[in-house]
1. Name the residue that is nearest to Val327 (Cα to Cα), counting only residues in the stretch 1-31 that are under 25 Å from the mean Cα position of the chain (by Cα) and among the small types (Gly, Ala, Ser).
2. Among Glu405, Glu416, Glu383, Glu412, which is the only one that is modelled with pLDDT under 90 and of a type in the set (Asp, Glu)?
3. Do we find a residue being among the charged types (D, E, K, R), without any contact (Cβ under 8 Å) to a residue 40 or more places away in the chain, under 14 Å from Ile9 (Cα atoms) and out of contact with any His (no Cβ under 8 Å at 6 or more places or on another chain) anywhere in the stretch 140-154?
4. Only residues in the stretch 228-257 that are acidic (Asp, Glu) count as the first member; pair them with residues that are surrounded by fewer than 20 Cβ atoms within 10 Å (Cβ to Cβ) and assigned to a loop (DSSP other than H, G, I, E, B), Cβ under 7 angstrom, at least 6 apart or cross-chain, and list the lot.
5. Looking at Ser253, Ser305, Ser281, which one is among the polar types (S, T, N, Q), in contact with an Asp or Glu (Cβ under 8 Å, 6 or more places away or on another chain) and outside the structural domain of Val40 (by TED's automatic domain parsing)?
6. Taking the condition in contact (Cβ under 8 Å) with a residue 40 or more places away in the chain, in the same structural domain as Glu412 (by TED's automatic domain parsing) and of a type in the set (Asp, Glu), does Asp346 pass?
7. Can you list residue pairs whose Cβ atoms sit under 8 Å apart, with the first residue in the stretch 74-93 being part of a loop (DSSP other than H, G, I, E, B) and the second being β-branched (Val, Ile, Thr)? Count only pairs 6 or more apart in sequence or on different chains.
8. Search the stretch 196-238 for residues being assigned to a loop (DSSP other than H, G, I, E, B) and under 19 Å from the mean Cα position of the chain (by Cα), and hand back the single one that is modelled with the lowest pLDDT.
Amino acid sequence: MTDYEVIVIGCGPAGMMACGELARRGIKVLGIDKKPRLDVNIRTASGYCFLDQPFNGEWIRRTPKDDKTVLEYTDTGFTVVYNGTMEGIHHSHMFSDTGKHWQASTRKKPFYHIFNPHQCHKDRFEWAQKMGASFMPGTVFMNVTQSESRVEVKVRQNGKDRYLTCKKLIAADGLVSKVAKVTGANKARTNFGMKGPTIEYELSGVECPYDRGDMFFFGSGNFGGRAGGIIMVPSCHGEGVYRMETMSVLPASTATDLIEFFTKKSPFAHWFKHAEIIEVSGVVIEFLSPMIVPYLGNILFAGDSAAFGECLYQCAVMCGYKAAECVQKELEGKKGYDEYTQWWGDHFEWVRNPKRMADYTKRVLFPRFFTVKELDFLFDLSEKNPIVVDEADASPYDFTKMVMEQFMAMPEVPEELKQRMQFIIDADMAQVAQVVGKVQKA
């Protein structure tokens, strides 16, 4: 006899979806999370998703309905309702170390859509409660032990330790999963040595002079000599509102230093003269190779806990749904975990093709393959040869390939640079990590 049939550690988008779906199927489930409130998002989440295009083995069909949006996962086979509208973004920008500007635009199909992570999370929480899921907020996961037929979870709530039992456990506690660490599930994973804090500000009153779109700022010149970068994405809260996310190294204070310098002292500080902070969130990113087999005994690792990088909201929700479906099969005596493993490998590109780990990170790391002078040269050329297409694949996997191919098509680019760009397109994770390591040591 156990306290619950299933316990879910971590109630982010994957864990919350798993809780709701398990409860909908009549399974006694408990969601545990350290957050005191489960209807709000406190983790950095830029609020963009890739719809009406293939991404991680899924095609999500978006259907606006008044002030709501229906999202149909056409391959995995389920539908969720988001109580808000989504805006398509047609412009993408980059700014070099010296302030040179690059822009790409689409005429018809947007690069991606933006949404409100808070609303999305609130929607899933309210739905999960309605389905009958139980939750234990303000509770810290401490440890877990398991036998052939049950799992015992040690948690701490209000300074007191508690022990709970279940038949199956879903670990959905993020990229730095504590469940994975204490169980030894990370032993077979490669640590690429890239770890750092991220701070995200959402700001209103930003006076940006460029077309509404995402913006990538890099180079020490923009950050007072500090290494790092900032991604600025339009917020669903309207014109002049942006979510700004840092890319930085330890200690954690570096992230705050980056964004404070950028908004107050950088060449772009005048954009933020009248800006106001709406909210601040944060997270620590650590890059490990993905779990090839995302389960250990009775424990299934869902979403980011088994991933190389962020699954993003859209795919984390997908993982939560599939985890619930497969855990139910396990409870029925079927090989549900093997089914989830097959699905995980078939859908997430970084599992079935290790090079896609490198492609995913190149979205923000490719500038490190060039000198400041070379990037300024390329950005100047793009001003003369605007990149405007009907549609483009802007997913993290293929964005850099698209940019490099656009540069390579410009006749003024010398052959040596074209060869470098081809190298970037072809580079695997070891080659990317080597370049990043050299920059960090410098």
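The values are calculated or read from the model by the stated rules, or taken from the named source; none is laboratory data. Predicted model, so just to flag it, every value in this text is computed and none were measured. Reconstructed Cβ throughout: ideal geometry from the backbone, glycine too, with neighbour counts over all protein chains shown.
1. Ala18
2. Details: Glu405 fails: modelled with pLDDT under 90; Glu416 fails: modelled with pLDDT under 90; Glu412 fails: modelled with pLDDT under 90.
Going through Glu405, Glu416, Glu383, Glu412 in turn, the sole match is Glu383.
3. yes
4. Asp257/Arg226
5. Working: Ser253 fails: in contact with an Asp or Glu (Cβ under 8 Å, 6 or more places away or on another chain); Ser305 fails: outside the structural domain of Val40 (by TED's automatic domain parsing).
Every option except Ser281 fails the conditions.
6. Details: in contact (Cβ under 8 Å) with a residue 40 or more places away in the chain: yes; in the same structural domain as Glu412 (by TED's automatic domain parsing): no; of a type in the set (Asp, Glu): yes.
Against the criterion (in contact (Cβ under 8 Å) with a residue 40 or more places away in the chain, in the same structural domain as Glu412 (by TED's automatic domain parsing) and of a type in the set (Asp, Glu)), Asp346 does not qualify.
7. Thr74/Ile60; Gly84/Thr69; Thr85/Thr69; Met86/Thr69; Met86/Ile114; His90/Thr106
8. Initial filter on the stretch 196-238 (assigned to a loop (DSSP other than H, G, I, E, B)): 205-213, 219, 223-228, 235-238.
This time we only want the ones that are under 19 Å from the mean Cα position of the chain (by Cα), so: 213, 228, 235-236.
On the way: Gly213: 95, Gly228: 82, Ser235: 91, Cys236: 88.
Among those residues, the one meeting the criterion is Gly228.
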